[in-house]
Structures are given as structure tokens and as C-alpha cells.
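These notes concern the structure reproduced below.
Read-outs: derived from the displayed coordinates by stated rules, not from any lab. Since the model is a prediction, treat every value here as computed from it, not as a measurement. Glycine also receives a Cβ, built like all others from the backbone with ideal geometry; neighbour counts cover every protein chain displayed.
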Amino acid sequence: MKRIVGAVLAGLMTFGLVFGMAASLNLTSDSLGSATTVVAACQAGAMNATYTSTYTAGAPGPGYTVGTVTITGLAATCYSKPYKVTLSTAAGASLGEATGTTPAAGTTIVVTFAPVVAATSVTAISVVISG
Amino acid sequence: MNVMRRIASVILVTAIGAVVGSAASLSLASGSLGAATTATPRCTAAGLSVIQNLTASTVSSVTVGVLPAACAGATLQVTVNNGVANSSGSAVVPGGGGSVTVTIAVPPAVTASEQTDLVLVGP
């Protein structure tokens, strides 16, 4: 009987130690959540840029410069959204950047560059519309 | 045995609660974002001939030649700058290209050197 009691006590002590060790860790966690959603353009239709060139005797001339870019093909789904237009060189260097908000009607965005940009350097145009 | 069942139930409920809590923890929406870059092409990269046509002692017009057919329909703008004054004119490049004579609005006086600038816009 004493052996049985001794064995039970020994067992309790062992499990007690195990539970004690199991309870000795303290773990917390920062929150972690994730989600994925699609980033879509406001329109799929093509737009076209045309340039208005003006002779400028002063800098960056003397020579022809671009002060206005007209972008056509704007869809209603892109109305009243922030835009950015950049004229750049063949090497990708920015010559000038214009920002604004697309109109709430019509199909045309008239973008004004100030200061004007040397027409001879313009080899690419970039447009981004967000919102 | 009952104690084990209770413990198992508590663990199960806690686990389910944690999973459901994580799944509902974020809500994500996105505004639109569209961007594009395109080249601004030239209708020609070849050399063009530029001849100043004089009337008395002024540059009354400029003839631009060797225009390729790819430039047909483009607007040719020409400006003559004599260092004191400048004046411009424009004309449309005909189909097939060739040469175009642009009349200068206010002919500037001929000097030791005038600068002639031109640009082709469109089509």
C-alpha cells in the first residue's frame, strides 16, 4: 500500500513538474492580417497626346518649346481624378511634370507645363491617373 | 473522462474563435490606378535642307526640303531669329513629303547670322 501511495505521489510530482514547465512559457503575438484586392485602371480605352509648340526666345530656348499637351480619349470613369503627366527624354530623365484633376465632363485633358519644355528633348510622355 | 472532454471542448472553441477572428480582421479596398508611358515619335530623323529666301535685306520665307512621306500632314513651324527680333510662320507638309516653303510673318532683317528653328507637329 505504501508503495502504491509512493508511486501515486511520484506520479503526481512528475506531472506537476510537467504542467509547471508547460505553464512557464508566456507567449503573446502582434496582430497579423492580410487581404488582397485588385488595383485597376479607371479606363481601358486608349488615350492620345498631342503637343502645342511655341517658339521661345529665352530659356530653355531659343527654340521651340512645349507648354501644352492635350490628351484625348478620356472616359467618364476617369472623371474628377488626380493625374500626373511627365515629359521625358530618351534616357528617361524628366523634363517637366504637370499635375491636376481630370475634368468632370468631356473627353479631353488640357495639361499645362510651366516652365515650358524644350520640344527637341521630348521623346516620351507618361500619364498616371489615380483615385 | 468528463474532464478530458471539457478540456477538449474548450480548446476546440478557442481555436475556432481564433480562426474566425483572424479571417474577419481585415477589410481592404482599392482606388483605381492606371499609368502608361509612350514614345513621342519623330516623323524623320534624317537631315532636312533649310534655305532662307530673301526679299531685299530680309528673310521673307524659308524652304524646308527632303521631308519624307512620313511627315505628310504634319504642321511645319519655322522661326527666324536674327538676335534682335524673331518671327514665325507655319505650313502643312503635303502628302508624299518633299519641300515646303513657309512664309515668315514679319521678315527679320538679314544679319551676320540668323538662327532658324523648325518643328514638325503631328499628325
- Just the Cα atoms of segment B:49-121, one point each, no solvent: what log10 I(q)/I(0) does Debye give at q = 0.11, 0.12, 0.18 Å⁻¹? -0.25, -0.29, -0.62
- Query: How big is the C-alpha Rg of segment A:27-79 next to the rule-of-thumb value 2.2 N^0.38 Å, as a ratio?
  - Reply: 2.30
- Query: FRET efficiency for B:Ala112 and A:Thr52, Cβ-Cβ distance as r, R0 = 22 Å, nearest 0.05?
  - Reply: 0.10
- Message: Give me, ordered by chain and number, the residues 5 or more places off A:Cys42 or on other chains with an amide H under 5 Å from its own placed amide H.
- Response: B:Leu33, B:Gly34
- Task: Round to the nearest 0.05 the FRET efficiency obtained for B:Ala45 and A:Ala59 when R0 = 35 Å and r is the Cβ-Cβ distance.
- Result: 0.85
- Task: Equivalent ellipsoid semi-axes for segment A:48-129, as square roots of 5 times the alpha carbon gyration tensor eigenvalues: give them largest first, rounded to whole Å.
- Result: 24, 13, 10
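Per residue of B:78-90, what is the mean number of Cβ atoms on other protein chains within 10 angstrom of that residue's Cβ?
Rounded to a whole number, the mean comes out at 2.
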- Message: Please compute, for peptide A:55-67, the average count of beta-carbon atoms on other protein chains lying within 10 Å of each residue's beta-carbon.
- Response: 4
- Query: In whole Å, how far is the Cα centre of segment A:28-85 from that of segment B:64-98?
  - Reply: 30 Å
